[in-house]
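The structure under discussion appears below in the form of structure tokens.
Bear in mind that the values in this text are calculations on the coordinates, not laboratory data. Remember, it's a predicted structure, so these values are computed and weren't measured experimentally. Cβ atoms come from the backbone with ideal geometry, glycine included; neighbour counts cover every protein chain shown.
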Amino acid sequence: MHNDIERVLFTESQIAQRVRELGQQISHEYTKLLGEKLSQEPPIAVGLLRGAVVFLADLTRAMTIPVEYDFIAVSSYGMGSTPGQIQLLKDLEKPIAGRHVLLVEDIVDTGQTLAHLIELLRARHPASLKICALLDKTPRRTRNVTIDYVGFTLAEDAFVVGYGLDYAERYRNLPYIAALKKSAITT
């Protein structure tokens, strides 16, 4: 598995530090926004399955406020590396109307998936919708999307894996984020 790695982009310690910072920032902003209402109606952290699971777990443990979880799953890559049609595979279990929602993404690449999710979730009338992405990968962006909280910006068009990010369901368990060798990618 490690032989398929071209180079490490973000180390385990860099990720841990940045996730702690994001957790503190998000906690501060929701505390300021909700005040005493925070304990009665905490924000719902919506994790995008499967890539955001590791990030969601670490992020919410770094938060100092109450938070509920829910999950949504879409497919845009399948088993390959080229984005395709977006399909809803698993919907939320909780209604979000009138609730504060924090959508937790692993990576924003073209922006197509995030734009689709934003439209889908806004149609359900949340009180607010904020976006938190571990990686903001800008070179292939085709949709203009706003990301409220960004872990790292990646200005190169590398195929990245690790810390929940995968290629064909592999490499998610790497503790760092790395560029995958082109020889490991089959199209």
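With θ taken as phi - 60° and the coefficients 6.51, -1.76 and 1.60, list the Karplus ³J(HN,Hα) couplings across region 8-15 in order, rounded to whole Hz; mark glycine and proline as x.
Running phi through 6.51 cos²θ - 1.76 cosθ + 1.60 with θ = phi - 60° gives 7, 9, 9, 6, 4, 6, 5, 5 Hz.
Scan around Leu9 for amide H atoms under 5 Å from its own, H built in the peptide plane at 1.01 Å from N, and keep only partners 5 or more places away or cross-chain.
HN-HN under 5 Å from Leu9: Ile177, Ala178, Ala179.
Spelling out what I want: for every residue of region 161-175, take phi, set θ = phi - 60°, compute 6.51 cos²θ - 1.76 cosθ + 1.60 (Karplus), and round to whole Hz; glycine and proline get x.
Once rounded to whole Hz, the list reads 9, x, 6, x, 6, 10, 10, 6, 6, 10, 6, 4, 7, 5, x.
Sticking with the crude label model, points 7 Å out along Cα→Cβ, report the distance from Arg122 to Thr138 in nm, one decimal please.
My value for the distance between the label points is 2.2 nm.
For the chain, what is the charge dipole size about the Cα centre, in debye to the nearest 20, if Lys and Arg each add +1 at the Cβ and Asp and Glu each add -1 at the Cβ?
Rounded to the nearest 20 debye, it is 160 debye.
How far apart, in nm, are two points set 7 Å out from the Cα along the Cα-to-Cβ line at Lys90 and at Thr146?
3.0 nm
What are the residues whose amide H is under 5 Å from the amide H of Ala52, where those residues sit 5 or more places off or on another chain and H is modelled from the backbone?
Under 5 Å from the amide H of Ala52 lie the amide H atoms of Asp106, each far enough along the sequence or on another chain.
Amide H of Tyr69 versus every other amide H placed in the peptide plane: which residues, excluding those fewer than 5 positions away on the same chain, fall under 5 Å?
Ala45
Please find the FRET efficiency linking Asn173 to Ser75, where r is the Cβ-Cβ separation and R0 is fixed at 25 Å, and quote it to the nearest 0.05.
Rounded to the nearest 0.05, the efficiency is 0.75.
Through the Karplus equation 6.51 cos²θ - 1.76 cosθ + 1.60, θ set to phi - 60°, convert the phi angles of region 90-98 into ³J(HN,Hα) values in whole Hz; use x for Gly and Pro.
Going residue by residue, I get 9, 9, 4, 9, 9, x, 10, 4, x Hz, with x marking Gly and Pro.
Would you mind checking the tilt of helix 53-62 against the longest principal axis of the Cα atoms of the chain, expressed as 0 to 90 degrees and rounded to 10?
In the chain, helix 53-62 runs at an angle near 50 degrees to the longest axis.
For the pair Asp157 and Glu29, what calculated FRET efficiency results from E = 1/(1 + (r/R0)^6), where r is the Cβ-Cβ distance and R0 = 30 Å, to the nearest 0.05?
Result of the calculation: an efficiency of 0.45.
Kindly provide the Kirkwood hydrodynamic radius of the chain in Å, to one decimal, from all pairs of distinct alpha carbon atoms.
One decimal place: 16.9 Å for the Kirkwood radius.
log10 I(q)/I(0), Debye, Cα-only region 1-79, no solvent, q = 0.15, 0.22 Å⁻¹?
Calculated log10 I(q)/I(0) at the listed q: -0.67, -1.07.
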